[in-house]
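The values are calculated or read from the model by the stated rules, or taken from the named source; none is laboratory data. Predicted model, so just to flag it, every value in this text is computed and none were measured. Backbone-built Cβ (ideal geometry, glycine too); neighbour counts: all protein chains shown. The accessibility values were calculated without ligands, DNA or RNA, using every heavy atom of the protein model including side chains. Shrake-Rupley method; radii C 1.70, N 1.55, O 1.52, S 1.80 Å.
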Amino acid sequence: MQVKSLPRSVLVGREALAVRAEEVLRQNDMGGWTRAASDLYPHQWSWDTGFIAMGLAHLDTRRAARELLTLFDHQWKTGKVPHIVFNPKAPAHSYFPGPDHWACAAASPDAPPAPPYTSCLCQPPIHAIAALRIWEAANNGKASAEATAFLCDVYPRLLAWHRYLLTYRDPEGSGLVTIYHPWESGTDNSPRWDAALEAVEVGEMSPHPRYDLEHVHDPSQRPTDADYDRYLWLVKLVKRAACDEATIYRSHPFLVKDVLFSAILVAANDALLEISRLVSASHEDAELISSWISRGRRGLESRWDPELRLCLDYDLRAAKPLRSRTTAGFAPLVAGGLRPWRLATLLETLRSPSFIGYPGLRRPLPPSTSPKDPRFNPRSYWRGPVWPVIDWLLWWAFVRTGEHQLAERVRESSLEQIAEGSFAEYFEPFTGEPLGSREQSWTAAVALDWLASGPHREMQAA
Ligand code: 2M8
């Protein structure tokens, strides 16, 4: 993108959008890492970091590599990558639960040196995909010593991270990752978790602040107090178990196989397999990673719901699937490697009135929860709004499966939505109104990636 040297006033359309996206990332740049948003999220979040690194890869590949490596500097001994690394310089009372609340996690023998403190949860493992995109952006198809050195540095860390998820988080060997908290899914208050959360009995707790409500125009866009009581109770239980995985697995009331998380892991393992080849890792590594990919795809297929024609999460405590119609149900698309009939069914569901075929949508972008789900709410966080990062995952899945027209529709509509609205965290599906945080780093990052990706070659030739 040759736009940086031009005066802002002469830039229009897509070039101006690229400049604005870059500004958001610069403004949230904390020196080696990027806060998720300037007001609502002043710390480093794990999967945000992956998306941010992909955006930065189009501006400065060295800086993009640093973004990922800074996060991995706080990897736990088990291989876990924490969901938040807390910014010691963030203003007091800016985010809850903040570092003080999580400090005791540092007492775990597996925690990294602190400060900075980390949370002891994790988030979807998008990082290997980001690492490979940085390498590709740096090389433009050709090998460069610096980019390959970065891959050599990050590869063992990524392998340890994936191994953690495939072992501690899947003792059953199902290919599906178990989460301990809705925050681990990244889709916090999605109806996906309602039934499993309702079964959690909240015990004695001191009152807690809601700093998040001070940063949004309308508090009803955020999770309710009742949601937060359950979130904090689950955190208390994880801390009470001293973050010990086996103890949590035995005693925790919220243990759920998350299909979207698991699908991202499959896609990340595809990227890791490619990285293992680029760094000349052993044949055993490649075999192990390939076995993780097949196990993940089998696991996702086992969670297919023929009635909803979506893939469903599974509640280990209640021993039953969690029925909801959300974009997470398209997990097998993200995982890739689909048989033609499964791909066709998923695309039909996506185009149906349950998702982008629903009448009156501002753009053909899927609401996070289907308007046909009784719990749909077009303004509330993960219960209905359109999320650019989820659209990025779907777009990328379409590119990978060769669904170029659909990919292009998602890319164009998403860029229009951002250009019209701002780099918002999420958007109202019928009006396109920007909601949540207004300068969300990962929205700027995926916009940069979309701008740099252009229509796919096959489409241009047509
Ligand atoms: C949201 O989650 C945090 C808790 O982790 C929150 O609401 O306070 C989610 O959208 C999550 O996916 C995202 O990583 C995070 C920062 O953008 O915000």
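Points to keep in mind about this one:
- With R₀ set to 25 Å, the beta-carbon distance separating residue 287 from residue 136 gives a calculated FRET efficiency near 0.55.
- Dipole magnitude of the stretch 316-404 about its Cα centre (Cβ charges: Lys, Arg +1; Asp, Glu -1), debye to nearest 20: 340 debye
- Here r is the Cβ-Cβ distance between residue 23 and residue 107 and R0 is 41 Å; the resulting FRET efficiency, rounded to 0.05, is 0.50.
- Extents of the chain, largest first, come to 59, 51, 47 Å (Cα atoms, principal axes, whole angstrom).
- Pairs of Cα atoms nearer than 8 Å and 6+ residues apart set the relative contact order; for the stretch 315-397 it is 27 percent.
- Summing Cβ point charges (Lys, Arg +1; Asp, Glu -1) relative to the Cα centre of the chain gives a dipole of roughly 540 debye.
- Per-residue packing, averaged as other Cβ atoms within 10 Å, sorts the ranges 58-69, 379-390, 351-362 into the order 379-390, 58-69, 351-362, beginning with the highest.
- Ordering of 39-48, 335-344 by burial proxy (mean other Cβ atoms within 10 Å per residue, highest first): 39-48, 335-344
- Note on the chain: helix-only mean residue ellipticity at 222 nm, from DSSP H runs of 4+ residues weighted -39500 (n - 2.57) and normalised by residue number, equals -14500 deg cm²/dmol.
- Our analysis of the stretch 204-323 gives Rg over Rh at 1.08, with the two radii drawn from alpha carbon positions and Rh computed by the Kirkwood formula.
- Net length gained if the chain between residue 348 and residue 199 were fully extended (0.36 nm per residue, minus Cα distance): 50.3 nm
- Filter on 80/320; 236/257; 77/239; 77/236 - keep pairs with C-alpha separation over 24 Å: 80/320
- Of the residues 43, 254, 278, the one whose Cα sits farthest towards the positive end of the charge dipole of the chain is 278 (charges of +1 on Lys and Arg Cβ, -1 on Asp and Glu Cβ, taken about the Cα centre).
- Comparing 79, 124, 150 along the charge dipole axis of the stretch 77-207, the residue lying farthest to the positive side is 150, per the Cβ-charge model.
- Seen from residue 345, the other residues with C-beta closer than 13 Å to its C-beta sum to a net charge of 0, counting Lys and Arg as +1 and Asp and Glu as -1.
- The slack between residue 250 and residue 375, meaning 0.36 nm per residue of separation minus the straight C-alpha distance, is 41.9 nm.
- Taking all Cα pairs closer than 8 Å and separated by 6 or more residues, the relative contact order of the chain comes to 17 percent.
- Å² per residue, accessible surface of the chain at 1.4 Å: 38 Å²
- Measuring r between the beta carbons of residue 100 and residue 225 and using R0 = 22 Å, the FRET efficiency lands at 0.60.
- Charge tally in the Cβ shell below 13 Å around residue 54, where Lys, Arg are +1 and Asp, Glu are -1, residue 54 excluded: -3
- With every protein chain in place, the stretch 187-322: carbon and sulfur % of accessible area (1.4 Å): 50 percent
- Sorted peptide list for 260-270, 229-239, 144-154, criterion being average Cβ within 10 angstrom, highest first: 260-270, 229-239, 144-154
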